1. Report yes if VAL28 is open to solvent by less than 40 Å² (accessible area, probe 1.4 Å), within 12 Å of CYS66 (Cα to Cα) and assigned to a loop (DSSP other than H, G, I, E, B), otherwise no.
2. Taking the criterion of being farther than 30 Å from ALA167 by Cβ, at pLDDT 90 or above and polar (S, T, N, Q), would at least one residue in region 64-84 satisfy it?
3. If a residue must be modelled with pLDDT under 90 and either open to solvent by 100 Å² or more (accessible area, probe 1.4 Å) or not polar (S, T, N, Q) (or both), how many such residues does region 31-48 contain?
4. Please pick out the residue among THR19, THR62 that is over 27 Å from GLU98 (Cα atoms), of a type outside the set (A, V, I, L, M) and open to solvent by less than 30 Å² (accessible area, probe 1.4 Å).
5. Would you confirm, using the coordinates I've provided, whether ALA11 is among the aliphatic types (A, V, I, L, M) and within 19 Å of the chain's Cα centre (by Cα)?
6. Hey, can you tell me all the residues within region 125-156 that are free of Cβ contacts under 8 Å to residues at least 12 places away in the same chain, part of a helix (DSSP H, G or I) and closer than 22 Å to LEU108 by Cβ?
Amino acid sequence: MDERDPEAFRALYRAHYGTVCRYLAARVHRSAVEDVAAETFLVAWRRQGELPPHVVPWLLNTAGKCLANARRSVERSDALAERLAGVLPSSAPGVDSELELVARRRALVAALVAVGARDRELLLLRFWDGLAPREVAVVLGISPVVARARLSRAGRRLERELRAALAAEDPPPLPIPEVA
């Protein structure tokens, strides 16, 4: 049975949301402040029965942990983009190359979204997590032969979607990463 008190939580939120946002604003880009604050209060909602009497230090500590999780998520995303960007030709350093890199990352994210959840999971296990096809098979509960075949097809679909995304004149906006 859920013993959380919605009214008490609303009061907690109203009283301390600004404090949490100010704490985060000094530590993260303004575009991420509200997302990390929302994650912080989600944790507070889930653990409402365990909140200490002096809740502000607990909220700020939780916000710091949520911020660390968000940063790790971005780092994983960047690492994946770098690993998968190896299929793309490189360019000379400079502003143009930086813009090109941003465009490639957008195209890669768009392509990963376009291939669908099943293929994306295979590709992430293989290239993000660095698992061998036989290890991917174990994770997914399929045979190694099926895993290799699915990886091959997923790789072809990703390449096709990546080429289409790179060819698009107006790249799609990047989805906002979820804070884990």
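1. Values: open to solvent by less than 40 Å² (accessible area, probe 1.4 Å): yes; within 12 Å of CYS66 (Cα to Cα): yes; assigned to a loop (DSSP other than H, G, I, E, B): yes.
Spelling it out, VAL28 is indeed open to solvent by less than 40 Å² (accessible area, probe 1.4 Å), within 12 Å of CYS66 (Cα to Cα) and assigned to a loop (DSSP other than H, G, I, E, B).
2. No, region 64-84 contains no residue that is farther than 30 Å from ALA167 by Cβ, at pLDDT 90 or above and polar (S, T, N, Q).
3. The initial filter retains those residues of region 31-48 that are modelled with pLDDT under 90, namely 31-32.
Remaining after also requiring either open to solvent by 100 Å² or more (accessible area, probe 1.4 Å) or not polar (S, T, N, Q) (or both): 32.
Of the residues in region 31-48, 1 are modelled with pLDDT under 90 and either open to solvent by 100 Å² or more (accessible area, probe 1.4 Å) or not polar (S, T, N, Q) (or both).
4. Details: THR19 fails: open to solvent by less than 30 Å² (accessible area, probe 1.4 Å).
Selected residue: THR62, the only one of THR19, THR62 that is over 27 Å from GLU98 (Cα atoms), of a type outside the set (A, V, I, L, M) and open to solvent by less than 30 Å² (accessible area, probe 1.4 Å).
5. Taking the combined requirement at face value, the residue does not satisfy it.
6. So the first thing to find is which residues in region 125-156 are free of Cβ contacts under 8 Å to residues at least 12 places away in the same chain, and the list is 129-132, 135, 137-138, 141-146, 149, 152, 156.
After this cut, where a residue has to be part of a helix (DSSP H, G or I) as well, the list is 135, 137-138, 144-146, 149, 152, 156.
The answer is SER152, ARG156.
For every residue, the table says whether it meets (1) at pLDDT 85 or above; (2) more than 23 Å from SER73 (Cα to Cα); (3) surrounded by fewer than 13 Cβ atoms within 10 Å (Cβ to Cβ); (4) not small (Gly, Ala, Ser).
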| site | (1), (2), (3), (4) |
| --- | --- |
| SER143 | yes, yes, yes, no |
| ALA147 | yes, yes, no, no |
| ARG150 | yes, yes, no, yes |
| LEU158 | yes, no, no, yes |
| LEU162 | yes, no, no, yes |
| ALA167 | no, yes, yes, no |
| PRO171 | no, no, no, yes |
| PRO175 | no, no, yes, yes |
| VAL179 | no, no, no, yes |
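The values are calculated or read from the model by the stated rules, or taken from the named source; none is laboratory data. In this text, all values refer to a predicted model and were calculated from it rather than measured experimentally. Positions of Cβ are backbone-derived with ideal geometry, glycine not excepted, and every protein chain shown enters the neighbour counts. Quick note on the areas: whole protein, heavy atoms, side chains included, nothing else; ligands and nucleic acids left out. Shrake-Rupley method; radii C 1.70, N 1.55, O 1.52, S 1.80 Å.
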